[in-house]
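Only the coordinates and a few stated rules stand behind these numbers; no lab work does. None of these values were measured; they are calculated from a predicted model. We place every Cβ from the backbone using ideal geometry, glycine too, and count neighbours over all the protein chains shown.
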């Protein structure tokens, strides 16, 4: 792996964490529209990272950052503070975000180059 690719993956990881934190705050503030906005933002980042890097690692790096940030936000603190409440919006954001990450990471990278009609071994 080249240093530029490693730096791009690290930047996408951090950007994924930022999108996860912002989505956690938005989805609870404006329930139906906030949830949709948070999931669309995450999908845009995951798919945009895959398209920008041209590999599936471009979708996996921000998805990993998103997942780490969201899992850290699900833990309650000793004072009793929490970001995610037990509700439909929180579970929709957690499960929907993971589903969006998997979909964007497994999408094809576009059309394959054309090959001759004959098999190569003949």
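Give, in nm to one decimal, the length gained when the segment between residue 18 and residue 71 is fully stretched (0.36 nm per residue of separation minus the Cα-Cα distance).
Working: separation 53, 0.36 × 53 = 19.08 nm, distance 1.30 nm.
Taking residue 18 through residue 71 to full extension adds about 17.8 nm, to one decimal.
Give me the percent relative contact order of region 31-106, please, defined on Cα pairs under 8 angstrom at least 6 residues apart. Could the numbers behind the result be given before it?
Numbers: 65 pairs, mean separation 33.2, N = 76.
Relative CO of region 31-106 lands at 44 percent.
At a Förster distance of 22 Å, what's the computed FRET efficiency of residue 56 paired with residue 2, Cβ-Cβ distance as r, to 0.05? Write down the numbers at each step before the final one.
Working: r = 17 Å, r/R0 = 0.76.
E(calc), rounded to 0.05, equals 0.85.
Modelled label positions at residue 79 and residue 106, each set 7 Å beyond Cα in the direction of Cβ, lie 4.1 nm from each other.
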